[in-house]
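Remarks on the structure that follows.
We did not get these values from a lab; they are worked out from the coordinates using the rules stated. Values in this document were obtained by computation on a predicted structure and should not be read as measured data. Using ideal geometry, Cβ is built from the backbone for each residue, glycine included, and neighbour counts are taken over all protein chains shown.
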Amino acid sequence: MSTTRPCSPGDRGPEPSGASGASEESAPTAGAPTGAAAPSVPPGPADGTQGTGGPQVRRIGLAGESGVVPLARDFARQALYAWGWLPAAGADRRAAAEDVLLVVSELVTNACLHAEGPDELLLACGNKVIRIEVSDRGAGQPAPRTPHRAGRPGGHGMFIVQRLCLDWGVVRAAGRPGKTVWAELGAPA
């Protein structure tokens with residue numbers, strides 16, 4: 001826990017930051033292979049209703065916003081409250097929620113540092129997995145720095161994502177510049 005934060009993110013409740021974003025509910029794209037460049041979760045109905053058995057989806061546009069990393073974390077925290085991950089009932093649930101917030105921070109930060117900034121953050125919560133997607137206009141390919149050197153500053157973002165997530169990858173947008181970096185984490189038991 002940070003010494004500058006009075007309590008862990010899972011214990012504070014939703015923040016009235018205006019980072020609630022538009023909520024959408026939809027079903028995932030079927031047949032996405034694990035470990036491959038899995039397609040992005042398609043947009044759901046405009047009225048925000050949930051499709052039968054599909055994941056709950058929330059997205060927020062980040063293009064042109066200032067302070068996108070805290071904005072993205074607050075948005076993700078509010079989604080976790082809406083989906084019942086927070087407030088955390090125990091240490092395992094709190095750790096799972098903190099892992100989601102850390103991965104959101106790392107992916108958005110990478111888009112800021114290496115890809116001209118993020119365009120959009122999408123979160124999709126199913127029964128067993130939460131999927132995080134950060135879209136940007138960058139041409140680079142994210143990868144964990146190897147060899148990983150724990151004592152050196154910088155270069156830890158994708159290493160952290162790789163260690164915390166069940167899987168992650170990159171989807172290139174056909175016909176336009178940019179990509180979507182996605183990561184999936186297991187839901188708490």
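With +1 on the Cβ of every Lys and Arg and -1 on the Cβ of every Asp and Glu, and nothing else charged, how large is the dipole of region 93-139 about its Cα centre, in debye rounded to the nearest 20?
Charge dipole of region 93-139: 320 debye, to the nearest 20.
Quick one: net charge around Thr180, please, counting Lys, Arg +1 and Asp, Glu -1 for every other residue with C-beta under 10 Å from its C-beta.
It works out to a net charge of -2.
Could you please report the charge total around Gly61, scoring K, R as +1 and D, E as -1 over all other residues with beta-carbon less than 11 angstrom from its beta-carbon?
Net local charge, Gly61 excluded: -2.
Give a residue-ordered list of calculated ³J(HN,Hα) values for region 66-77 (Karplus: 6.51 cos²θ - 1.76 cosθ + 1.60, θ = phi - 60°; whole Hz; x for Gly, Pro).
Result, ordered by residue: 9, x, 5, 5, x, 4, 5, 5, 5, 4, 5, 4 Hz.
Run the quick spin-label model on Asn127 and Ala174: label points 7 Å from Cα toward the beta carbon, then report their separation in nm to one decimal.
Simple spin-label model gives 3.2 nm for this pair.
Using only C-alpha atoms and all pairs of different ones, pull out the Kirkwood radius for region 69-189 in Å with one decimal.
After inverting the pairwise mean of 1/r, the radius is 14.7 Å.
What is the sum of charges, Lys and Arg at +1 and Asp and Glu at -1, for the other residues whose Cβ falls under 15 Å from the Cβ of Ala111?
Here the charged neighbours net out to -2.
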